[in-house]
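The next block holds one structure in the form of structure tokens; read it before the comments.
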Amino acid sequence: MCKTISFTLMHFCIAFSVGYALTGSLTVGGLLAVVEPLCNSVGFYFHEKFWSQLQQADATGTAHPISQWLHAHS
């Protein structure tokens with residue numbers, strides 16, 4: 001849990017720092033520190049769902065075009 005918390009804090013700090021550095025605004029930096037990780041969390045959910053489908057296709061031997069391409073290029 002400590003590793004997760006430290007990663008989350010680091011992520012918030014980076015998002016804030018980039019927003020502040022680009023705009024000079026504490027408000028924009030603060031908004032980015034909150035909004036960007038939330039958007040990443042939603043994106044991560046769909047990313048994991050997609051990869052789970054690829055793994056299931058591999059396990060059942062189903063030909064999935066993206067899975068075939070990944071195996072051919074790895």
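No value in this document is a laboratory result; all are computed from the given coordinates. Predicted model only: the values in this text are computed from it and were never measured. Glycine gets a Cβ as well: all are built from the backbone with ideal geometry, and neighbour counts include every protein chain shown.
Show me the ranking of peptides 18-24, 55-61, 1-7 by mean Cβ neighbours inside 10 Å, starting with the highest.
18-24, 55-61, 1-7
The mean of 1/r over all pairs of different alpha-carbon atoms in the chain, once inverted, gives a Kirkwood hydrodynamic radius of 14.8 Å.
Starting from the Cα-Cα distance between residue 51 and residue 35, subtract it from 0.36 nm times their residue separation and give me the gain in nm to one decimal.
3.3 nm
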